[in-house]
Structures are given as C-alpha cells and as structure tokens.
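So the structure is just underneath, and the comments pick up after that.
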Amino acid sequence: MRWMGVDLGEARVGLALSDPELTLAHPAGNIEVSGDYFQAFNQVIECCEQESVTRIVVGYPLLLSGEEGHSAKKAKRWSKSLTRQLKELASKGQLMLVEVPEVELKDERLTTVSAHRQLIEAGLGNRQHRPKVDQQSAVVLLQAALDEFAQTRRSNIA
C-alpha cells in the first residue's frame, strides 16, 4: 500500500511516492507535459498500478487569500477527470489494482517555496534544481498528507 503525491506544474507533473508504511515521501520523477497536464493521466495511472497506490494526493494551489483561482480550478477538474478515468477503467476490468485509488486535493500553498529551499540546501544551484522542483513539491505535499494521517492515527489510538 502506497500513496502518491502529484504536483501539477506547467511544464512537468511531479510525482512522489510514500513508503509502504505511509511514513516517508520520496521523489518518483516527472512527467513532461508542455503546458497540458491532462496528458499525464496514462502515466499517473500506470505508476499507480506498478506501485499499488491506494490514495493520490493532488496539489490544490489556492491563492494566498485562500480563494480558488484559475490554477486551483484546473487542479480540481484534473482530479475529477482522473477519478472518472480510474473508475471507468475499473468498471471495464482494465485497472490492475484491487481498489480504485481515492483522489484528494490538498492545499499546496508554499510547497514550491519549500521545495526550492530544500533543493538549495541540498547544494543544487537554481539551474540544477529547476527540473526537480515539481517532483520535490510533490514530496512536500505528500509528506504533509502523510504527517496528517499519522497524527490522526495517533489521536484515534489515544
């Protein structure tokens, strides 16, 4: 069982995967999309099947005010379309997963800033880390979701 983080960038869709224990997120690569991240569906689904993903956490880029701008609306449409496609494949017996992964939106304000900082701290210059920022943003996003999940689990046990 793994979770996937997805950061919808303009040039790339960044992916991150959790470990099977749902404690740590790690980079899983980028999908080049050249401005149309709806092109990434097949590769995202393929990765879900290969890694037995049970939940997909998609970055929801709200404005700093908390309002939903153009990018957030696009992320919402992308998530709904992915959910529909996963369910359609499952209904036709074409999804190689035991269950259809749940797709959830997660507020991603400042994840790109955090990702840039982490890459700079790792010693990568701006040119070197540009291609990695989307997948690192997906890591930041997924790790936040995993930490929330762990906190909820601890609260339920206590």
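The values are calculated or read from the model by the stated rules, or taken from the named source; none is laboratory data. These numbers were taken from a predicted model, which means no experiment stands behind them. Heads up, the Cβs are rebuilt from the backbone with ideal geometry, glycines too, and the neighbour counts pull from every protein chain shown. Heads up: the accessible areas ignore ligands, DNA and RNA and are worked out on the full protein's heavy atoms, side chains in. Shrake-Rupley method; radii C 1.70, N 1.55, O 1.52, S 1.80 Å.
Worth pointing out:
- Most tightly packed first, judged by the mean number of other beta-carbon atoms within 10 Å of their residues, the peptides 20-32, 91-103 read 20-32, 91-103.
- In the context of the full set of protein chains, residues of the stretch 1-115 present 51 Å² of accessible surface per residue (probe radius 1.4 Å, heavy atoms only).
- Around S18: net Lys/Arg minus Asp/Glu count, Cβ-Cβ under 10 Å: -1
- Placing +1 on the Cβ of every Lys and Arg and -1 on the Cβ of every Asp and Glu, with nothing else charged, gives the stretch 1-96 a dipole about its Cα centre of roughly 420 debye.
- Only lysines eight or more places from K73 in sequence, or on another chain, were considered; those with a Cα closer than 17 Å are K106.
- In order through the stretch 26-42: 3J(HN,Hα) via Karplus (6.51 cos²θ - 1.76 cosθ + 1.60), integer Hz, x for Gly, Pro: 9, x, 10, x, 10, 10, 6, 10, 6, x, 10, 6, 5, 5, 7, 3, 4
- Binning the C-alpha pair distances of the stretch 1-114 at 10 Å intervals from 0 yields a P(r) profile of 14, 47, 32, 6, 0 %, listed from the shortest bin outward.
- In this simple spin-label approximation, F38 and M1 carry label points 7 Å from Cα along the Cα→Cβ vector, and these lie 3.4 nm apart.
- Taking a sphere under 11 Å around the Cβ of V57 and counting the other residues whose Cβ falls inside, with K and R at +1 and D and E at -1, yields a net charge of -4.
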